[in-house]
Amino acid sequence: MGIGTIKEQTMNIGLTYTGYGEKHQNYVKWLKGNNAGITVTKLTAEGDRGLIKECDALVLSGGVDIHPEFYGGGLVYPKQPRGGWKKERDVFEREVFEFALGQGMPVLGVCRGLQLINVLLKGTLVQDLGEKGDAVHEWLEEDKRHPVEVVEGTLLHAIAGESGGEANSAHHQAIGRLGEGLAINCRAEDGTIEGIEWAEPVGKSFMIALQWHPERMYTNKLPDWRLYKNIRERFLVEAGNGGGIK
């Protein structure tokens, strides 16, 4: 199945910058697919903060660890980010997330984006999964892959249309205490939380977040396409395509 199945329509997706050009372009390729009508706007703390006002939806991308002060974590742990934390990014992404919710924009969180959403809603993080967890989840020379179980009755289950699959993995932190108003929609076999959404979505904007990287599953054409293709298509529908899936 191809990814370009959304009817062409003009829309602008705000995408926070991962910090790496090639990784950022993976998101752009995944979001745009074959649809020339989709614009992806790079959002950074150093850039024009008003750009989010021109967007129809928001993607919180992956990247460096969130500063521990945002969730009461310790400043010393085994894998502090190379080059230090990027607190200015944390603050900026909090601003755009809160703006998006206030405007009713659809929000998609990926890896760090999932963790940020959880933290901003008063949850916590496991600062390092340890040797056993890293063997399953941590990125080395390439993404790892592992099974995930999707919780029936959740938005993710409705979107993916299946109760499990194999996702990629490139993280050493994970959700600890779940944030307020959130529900778990997916877990790895070891219990690591792999996806979250609103527990009570009525009256709230569309929001879903994933610990895996759908943009790299798309780039690498991994077989469980429902975990990246269906999510992309539903997100774009919510962003303003009006249900235009062929």
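The rows are residues; the columns are (1) more than 18 Å from residue 124 (Cα to Cα); (2) among the basic types (Lys, Arg); (3) modelled with pLDDT of 95 or more.
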residue: 151; (1), (2), (3): yes, no, yes
residue: 157; (1), (2), (3): yes, no, yes
residue: 161; (1), (2), (3): yes, no, no
residue: 164; (1), (2), (3): yes, no, no
residue: 181; (1), (2), (3): no, no, yes
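For residue 52, the test of being touching a helix residue (DSSP H, G or I) at 6+ places or on another chain (Cβ under 6 Å), modelled with pLDDT under 95 and either under 21 Å from residue 210 (Cα atoms) or not aromatic (Phe, Trp, Tyr) (or both) is failed.
Any idea which of 109, 62, 102, 73 is under 22 Å from residue 169 (Cβ atoms) and outside any loop (DSSP other than H, G, I, E, B)? Give the derivation first.
Working: 62 fails: outside any loop (DSSP other than H, G, I, E, B); 102 fails: under 22 Å from residue 169 (Cβ atoms); 73 fails: outside any loop (DSSP other than H, G, I, E, B).
The conditions single out 109.
Find the residue count for segment 166-183, including only residues that are under 19 Å from residue 224 (Cβ atoms) and under 14 Å from the mean Cα position of the chain (by Cα). Residues meeting the conditions: 5. One residue alone among 88, 69, 95, 22 is among the acidic types (Asp, Glu) and either in contact with a Cys (Cβ under 7 Å, 6 or more places away or on another chain) or farther than 18 Å from residue 120 by Cβ (or both), and that residue is 22. Screening residue 158 against (1) surrounded by fewer than 19 Cβ atoms within 10 Å (Cβ to Cβ); (2) touching a residue at least 24 places away in the same chain (Cβ under 8 Å) leaves a single unmet condition, (2). The C-beta contact set for segment 2-20 (first residue of a type in the set (S, T, N, Q), second residue in a loop (DSSP other than H, G, I, E, B) and modelled with pLDDT under 90, distance under 9 angstrom, 6+ apart or interchain) comprises 5/34; 5/246; 9/35; 9/242; 9/244.
For segment 77-112, the set of residues classified as at pLDDT 95 or above and within 18 Å of residue 138 (Cβ to Cβ) consists of 110, 111, 112, listed by residue number.
Within the option set 102, 109, 123, being among the small types (Gly, Ala, Ser), over 23 Å from residue 21 (Cβ atoms) and touching a strand residue (DSSP E or B) at 6+ places or on another chain (Cβ under 8 Å) holds for one residue only, 123.
For the subset of segment 55-107 comprising residues that are among the charged types (D, E, K, R) and under 15 Å from the mean Cα position of the chain (by Cα), which member is surrounded by the most Cβ atoms within 10 Å (Cβ to Cβ)?
Here is the first cut: in segment 55-107, the ones among the charged types (D, E, K, R) are 56, 65, 69, 79, 82, 86-90, 93-95, 98.
Applying the additional criterion that residues be under 15 Å from the mean Cα position of the chain (by Cα) yields 65, 90, 93-94.
On the way: 65: 23, 90: 21, 93: 27, 94: 15.
Of everything passing the filter in segment 55-107, 93 is surrounded by the most Cβ atoms within 10 Å (Cβ to Cβ).
Hey, any hits in segment 17-39 for a residue that's in contact with an Asp or Glu (Cβ under 6 Å, 6 or more places away or on another chain) and modelled with pLDDT under 95? So far as segment 17-39 goes, yes, one or more of its residues are in contact with an Asp or Glu (Cβ under 6 Å, 6 or more places away or on another chain) and modelled with pLDDT under 95. Of the strands (runs of 3 or more DSSP E) lying entirely inside segment 150-246, the ones with 3 or more residues being hydrophobic (A, V, I, L, M, F, W, C) and more than 26 Å from residue 20 (Cβ to Cβ) are found at 182-188.
For (1) within 20 Å of residue 78 (Cα to Cα); (2) surrounded by fewer than 14 Cβ atoms within 10 Å (Cβ to Cβ); (3) in contact with a strand residue (DSSP E or B) (Cβ under 7 Å, 6 or more places away or on another chain); (4) touching a residue at least 60 places away in the same chain (Cβ under 8 Å), each residue gets a yes or a no:
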| residue | (1), (2), (3), (4) |
| --- | --- |
| 114 | no, no, yes, yes |
| 117 | no, no, yes, yes |
| 180 | no, yes, no, no |
| 201 | no, no, no, no |
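The number of residues in segment 76-89 that are assigned to a helix (DSSP H, G or I) and either touching a residue at least 60 places away in the same chain (Cβ under 8 Å) or touching a helix residue (DSSP H, G or I) at 6+ places or on another chain (Cβ under 6 Å) (or both) comes to 1.
The values are calculated or read from the model by the stated rules, or taken from the named source; none is laboratory data. Fair warning: this is a prediction, and the values are worked out from it, not measured in the lab. Please note: Cβ atoms are built from the backbone with ideal geometry, for glycine as well, and neighbour counts cover all protein chains shown.
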